[in-house]
Structures are given as structure tokens and as C-alpha cells.
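Rule-based calculations on the coordinates, nothing more; no lab input. Owing to the predicted nature of the structure, the values given are computational and were not obtained by experimental measurement. Here the Cβ is made from the backbone with ideal geometry for all residues, glycine too, and neighbour counts use every protein chain on show.
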Amino acid sequence: MYKTFAKIILKNEKMYRIIQSYDIIGAVPIHKKRKNERGYNQSELIAKEISRNIKELKYGKILRKIKNNERQSSLSKDKRNQNVKGVYQIENSQIIKGKKVILFDDIYTTGSTVEECSKVLKANNAKEIMILTLAK
């Protein structure tokens with residue numbers, strides 16, 4: 001299924017050209033406990049597949065989720081903002097320093113998650129950040 005989602009994104013010529021102009025793509029991480037339960041991170045699979053289809057775009061594990069917080073889907077907008085504070089850390093600041101970074105998340109609801117992740121990336125000198133998502 002993840003390959004199908006990547007193909008849908010890359011089929012759009014304008015989107016393809018935009019993505020191609022970035023240096024690195026990474027996914028919003030899930031906590032390792034959740035990944036062990038589920039067996040995969042869908043956003044990570046899609047981001048890796050996109051990078052496999054654009055040779056100039058590297059995939060990188062750019063963030064780590066350090067707290068197994070409540071699932072965002074069960075919370076109000078105000079609680080979502082608080083729920084993600086301090087949950088993400090940079091994985092490797094050297095691979096994003098001065099780079100144009102794509103942050104992939106499968107679903108964008110209120111933006112709380114990607115905003116928090118973007119703050120961490122900006123604080124670690126990412127040159128530019130684009131949020132790429134499947135659904136809003």
C-alpha cells in the first residue's frame with residue numbers, strides 16, 4: 001500500500017519537481033513501543049519509497065520520538081498542542097544542517113505534530129522545511 005501512496009504523490013509532475021529540489025526526506029517518527037506493536041511506521045515507508053524514486057533525494061532518520069504520548073486523534077486541538085511539546089528530538093543534526101528538508105506525515109489534522117517537529121528541525125539549522133502529507 002505504501003508504494004501506491006508514493007506513486008500517487010510522484011505522479012504529479014509539479015509535485016515531483018518540487019520534491020526533487022529538496023536534499024533530504026524524513027518521516028514523523030512514532031515511538032519505538034508503538035512501532036514494535038504495529039511492526040512499521042507508514043510515514044517512514046512512504047518517505048523511503050519517495051526517496052527511492054528520486055535519486056537526488058536522500059532518506060534520513062532525522063527525528064526521534066522520545067516520549068510515548070497520548071495519540072493525537074483522541075485529543076482536542078488545544079490538548080494536541082500540549083501533547084506534542086518536547087516529544088521529538090533531532091536524530092542527527094549534521095544531515096539536516098543547511099539542507100532543504102521534507103518532513104513527511106501521513107495525516108495532517110491540526111498541524112500540531114508537524115509544527116513541533118519543524119521547531120526541532122529549525123533549531124538544528126535546517127535551511128528550509130516542507131511538510132508533505134497524504135491527507136488533511
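General observations
- For the cross-link pairs Lys11/Lys85; Lys7/Lys67; Lys35/Lys122; Lys3/Lys79; Lys3/Lys35; Lys67/Lys127, the ones whose C-alpha atoms lie over 30 Å apart are Lys11/Lys85; Lys7/Lys67; Lys3/Lys79.
- Straight-line cross-link partners of Lys32 among the aspartates and glutamates, defined as a Cα under 19 Å from its Cα and at least 8 positions apart when in the same chain: Glu44, Glu70, Glu91, Asp105, Asp106, Glu116.
- For the chain, the 222 nm mean residue ellipticity estimated from helices alone, with every DSSP H stretch of n ≥ 4 adding -39500 (n - 2.57) and the total spread over all residues, rounds to -12000 deg cm²/dmol.
- Fraction of antiparallel bridges per DSSP, the chain only, in percent to nearest 5: 25 percent
- A Cβ-based charge dipole, computed about the Cα centre of the chain with Lys and Arg at +1 and Asp and Glu at -1, lands at about 200 debye.
- Positive dipole terminus of segment 7-130, leading residue within Ser51, Ile18, Gly111 (C-beta point charges): Ser51
- Kirkwood Rh and Cα Rg combined as Rg over Rh, evaluated for the chain: 0.95
- Inter-label distance for Met130 and Gln89, nm, one decimal - labels placed 7 Å from Cα along Cα-to-Cβ: 3.0 nm
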